[in-house]
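See structure below.
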Amino acid sequence: MTVLKKGKVKTCEQLLNEVISKPTNPEKIIFSGLGEKDVYNISAPFEDEGELVIAGRVESRDSEHSRVYFFVERNGEWIPRENAPVLELQDPFFTRIAGELILGGVQIFPHPTLEGSLGWRTVFYKGGSISLLQEFAKGPDGMKDLRLVELKDGSVGVLTRPQGEKGGRGKIGWTHIPSLADLTIDVINDAPLLQGQFTDEEWGGANEPHLLANGLIGVLGHIASFDAEGNRHYYSVVFALHPETGEISDLELIATRSHFLSGPTKRPDLVDVVFSGGLVRKSDGTAVLYAGISDAEAQKITIIDPFLPYEQ
């Protein structure tokens, strides 16, 4: 397996000076059939019952109360799939483990102690297809960006993102378990943090892990920061992870807001936001990055496959 070499922690500003890709073909993904609602923070397309499906976060521009719909493409536009479930979640993602579809997202709920505030947790569903999805696990309260990946030996890798005393504004943790039946709150909370990824002033998370040909895990994620005015800046990044040792490569920045087409924003502080949704790797050495843009729409761009170097 490739030896991963890790340098010093890099800030958003440093990463912006060494963007590794020159993205091409920016394209807005057109959703219809839901009136005036926005669709953003989507998954990459995945196959379900013989057709490609995108899971997307759907909500009004002035609200954070979203639902996840499943969309299919018809005449160049993506419309809600007939008779598909609609889930009370944000920021959907998917993977496949032990032959089953795993679908997750962020569930919001009234905060147990802060009146008028919301809490959140990651919720997981599984099933042979979208129509058969059943909830099977919840993450700890207050944790987003919790992701699962099937490893080469059939065990399950778990990427976490604690905040607060352990993770500050948000750092990535890693552990692995024999099977989905072993996924518990304690396992998630006890996952060691990956070392040397984010400064304490910035934060990040995993969005989509990929099992690479040599057994490494290629992680599509994001890094984020506040500026002096309190505006948020989110960028797409990748890194490789050795599943047994927890060694990681340096973060590499693959996309910024400027690589996509101009468009609306949910709020003025969210203009410079790219939320990595998913990466579809192609046989020609390119990959298509699907992303939520400015918390108001979804787009895709083509890049050089950022995981190929880790498979050499």
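Any read-out appearing in this document is the output of simple, stated calculations on the displayed coordinates, not a laboratory observation. Quick caveat, the model's predicted, so the values are computed rather than measured.
Summary of values
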{"read-out": "Relative contact order of region 234-312, defined on C-alpha pairs under 8 angstrom at six or more residues apart (%)", "value": "26 percent"}
{"read-out": "Long-range lysine pairs (8 or more apart or interchain), region 119-272, Cα under 19 Å", "value": "4"}
{"read-out": "Over the chain, relative contact order from alpha-carbon pairs under 8 Å, at least 6 apart, %", "value": "20 percent"}
{"read-out": "Set of lysines with alpha-carbon distance to Lys22 below 25 Å, sequence-local pairs under 8 removed", "value": "Lys5, Lys6, Lys8, Lys10, Lys282, Lys300"}
{"read-out": "Label of the coordinate-derived value, Cα Rg over 2.2 N^0.38 Å, listed as [x] 1.10; [y] 1.05; [z] 0.93", "value": "[z]"}
{"read-out": "Residues with amide H under 5 Å from that of Ala296, placed H, sequence gap 5 or more", "value": "Lys266"}
{"read-out": "Length-normalised contact order of region 133-198 in % [C-alpha pairs under 8 Å, at least 6 apart]", "value": "28 percent"}
{"read-out": "Amide H within-cut-off set for Ala137, under 5 Å, with H built and near neighbours excluded", "value": "Phe124"}
{"read-out": "Fluctuation leader among Gly164, Gly116, Gly104 - the chain, Gaussian network, Cα springs under 10 angstrom", "value": "Gly116"}
{"read-out": "Rounded Å value of the spacing that divides the Cα centres of region 237-274 and region 1-75", "value": "11 Å"}
{"read-out": "Expected 222 nm ellipticity per residue - DSSP helices of 4 or more, -39500 (n - 2.57), all of the chain, to 500", "value": "-1000 deg cm²/dmol"}
